[in-house]
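Okay, structure first, notes after.
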Amino acid sequence: MICAVYKSRCKLDSYLFVEKRNEFERVPVALLEMFGSPELVMMLPLMKRDYLGFADIEKVKNELVNKGYYLQLPPPVVDLLEEHKRAIGYSRE
């Protein structure tokens, strides 16, 4: 299975995997509008890979087959200061 990977010009570090290059028919219109004009990053052979950087490769394969696309979003930003305050029990009160 080879898929096409596109990056978003609107959403930083967001990637859209589709089954074939320039085939977005199975991607919801609302998602494409939010994603913006997709920019091709690479053609990716999934069968020759055991893992992907930030995505579960089996989930990517399953969603490509079942939905026709996979959307990879960046991990949430962690506020390290707030996390530290909670860890030490800091309270303004």
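Looking across the range 1-22, the residues that are aliphatic (A, V, I, L, M) and either closer than 16 Å to A55 by Cβ or in a strand (DSSP E or B) (or both) come down to M1, I2, A4, V5, L16, V18.
Out of L32, L64, which single residue is free of Cβ contacts under 8 Å to residues at least 12 places away in the same chain and outside any loop (DSSP other than H, G, I, E, B)? Even if it seems obvious, please write down each step before you answer.
Details: L64 fails: free of Cβ contacts under 8 Å to residues at least 12 places away in the same chain.
Going through L32, L64 in turn, the sole match is L32.
Looking only at residues of the range 60-79 that are of a type in the set (V, I, T) and surrounded by fewer than 16 Cβ atoms within 10 Å (Cβ to Cβ), we find that the one that is modelled with the highest pLDDT is V65. Within the range 74-93, residues that are closer than 30 Å to Y6 by Cα have Cβ atoms under 8 Å from residues that are surrounded by 10 or more Cβ atoms within 10 Å (Cβ to Cβ) and modelled with pLDDT of 85 or more in these pairs: P74/D13; P74/S14, counting only partners at least 6 apart in sequence or on another chain.
Set side by side, the residues S91, S37 differ, and just one is at pLDDT below 90, exposed (fewer than 14 other Cβ atoms within 10 Å of the Cβ), among the small types (G, A, S) and assigned to a loop (DSSP other than H, G, I, E, B), which is S91.
The values are calculated or read from the model by the stated rules, or taken from the named source; none is laboratory data. Nothing here was measured: the structure is a model prediction, and the numbers come from that model. Heads up, the Cβs are rebuilt from the backbone with ideal geometry, glycines too, and the neighbour counts pull from every protein chain shown.
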